[in-house]
Amino acid sequence: MNFLDLDELSEEDRLLREEVHRFAAEVIRPASIELDRMPATERIKPDSPFFKVMKEMKKLGFHKIMLPPDKGGIKMTPLQRYIVLEEIAWGSVGFATALGVDIIPFSCATLFGGKEVYEELVVPWLERDDWYGCWGVTEPQHGSDYLIFLREEKELVEKMGAGNVIAEKDGGKWVIRGQKSGWVSSAPIATHCGLHAQVKGGRTLADGLFAIVPLDLEGVEKGKPVEMLGMRDNPQGELFFNDVRIPEHYVIVAPGPFYAIFCDQLLCLTSCGMGAFAVGLARACFELALDYAKQRVQGGASLVKHKNIKLKLYEMFEKIETARYYVRKVMEYTCRRILELRTNDASPRHARAAQIYAKKIAFEVANNALQIFGAYGLSKDFIIEKFFRDSRAMLIEDGTVEVLSLDASDDVIENYNKDYYDVSFLKKFYEVV
Ligand SMILES: Cc1cc2nc3c(=O)[nH]c(=O)nc-3n(C[C@H](O)[C@H](O)[C@H](O)COP(=O)(O)OP(=O)(O)OC[C@H]3O[C@@H](n4cnc5c(N)ncnc54)[C@H](O)[C@@H]3O)c2cc1C
């Protein structure tokens, strides 16, 4: 692995990239190919390659990269975080997603929760290799709703109806009832869920809370893992909550005006992650296509000698390079505002653009890479076939590119001329912000 990096990486950055890349090539990618071919129910069995890789990732400390060093995190620059995420996704976007959703509940508990939940749940998660997080947002009746409730017109948000997961206060406990969608990444194997729930009696999805729910509590049930087109190396499935009782300190973000800001800012962080994953996947597709085009001879010459293939390869290169440096820049800004300064004022339109742009180019690059392979690209004997399916899934994961674009567009129209993060969009829900 050796490509010119315009950021002129330090020796430490370069060594990190080499180490993670080796792991992605030798451990992650072979396991992800094996998992892709297994039935969903087999993938979640204790002896599945999924757990072997997750445990290895924990041994290397990848789950600690978004935590502050004084809270058990690994000291890293935003560029180093980006490098880790791009390399893991180069191996498999499914495993990159599994790592991302493992981190979400526990890093949110660290950044926004109290001392008690940190000691009780985050410390063991940092030390153990058999606790895994997932992120329960979308519901049978609320997929895109969970993205657009933030900036959409109040009247429309009210029409979205009640959430499918409701939290009700009962003395010193919260009781959770309802169901999350079948697309919750890692849900079939997760031990803890970072859960979004609407408060009982709430008018809109903005009347919600974010809690961390151990999935071994009485009343939790899991659906069967789903057979998906892409991202098959990360198990997905439903979560059911039948009067599940959690202590008050497991509620990380309580109902109130900060909940919507929290959702918006968390989506800024996940958008940077998704951007890095998409660049990693695009690069993996490009490298496969480049190698193949150098070897395959047609029309009396190797494919790289044909002008249409040359142009395709150049355009793939251009897209990946521009996406990489934009996502890196946004990640640097977003991490500084949320993880370091803790000002929670990262820019939603910039973060959404990083995710949207990188996901779009990943799909275009995967599509062109497959075209370069010709019919071989459609065969399961070539990994480009898997990568193409994964790139398709990315256009929907963490919000469809269309709905993310609409949300970003509202932020652009409202806030383009402001040099700060404007929370006035909350005024439609709350009298005082
Ligand atoms: C690989 C993968 C991993 C995922 N991981 C998770 C996870 O870890 N946790 C989790 O909670 N969810 C997860 N999801 C779910 C994902 O967030 C949703 O699938 C996504 O937000 C879209 O919701 P939906 O599928 O219900 O589609 P819908 O919201 O029903 O949308 C259907 C179509 O209508 C369009 N549309 C919908 N509403 C509007 C609107 N208001 N305006 C304009 N167009 C609209 C959409 O763009 C889309 O094309 C994952 C999905 C995938 C594919």
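Listed values, structure above:
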item	result
Cβ-based exposure ranking for Asp145, Asp407, in which fewest neighbours within 10 Å come first	Asp145, Asp407
For the stretch 15-84 versus the stretch 249-274, the gap between their alpha-carbon centres in whole angstrom	24 Å
Where Rh is the Kirkwood radius over Cα pairs, Rg/Rh for the chain	0.97
Per-residue [θ]222 nm for the chain (sum of -39500 (n - 2.57) over DSSP H runs n ≥ 4, rounded to 500)	-15500 deg cm²/dmol
Relative contact order (percent, whole number), the chain, Cα cutoff 8 Å, 6+ residue spacing	16 percent
Packing-based order for 187-200, 168-181, 92-105, using average beta carbon neighbours within 10 Å, highest first	92-105, 187-200, 168-181
Charge-dipole axis of the chain as Lys and Arg at +1 and Asp and Glu at -1 on Cβ define it, positive-most pick from Ile396, Pro69, Leu378	Leu378
Ranked packing of 265-276, 417-428, 316-327, 372-383, most packed first, by mean Cβ within 10 Å	265-276, 316-327, 372-383, 417-428
Mean Cα-pair separation over length for the stretch 73-232, i.e. relative contact order, pairs under 8 Å, 6 or more apart, %	23 percent
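The numbers here are math on the coordinates, done by the rules we state, and not lab data. Treat the numbers as computed from the prediction; the structure is a model and nothing was measured. A quick note on method: Cβ atoms are made from the backbone with ideal geometry, for glycine too, and the neighbour counts reach across all protein chains shown.
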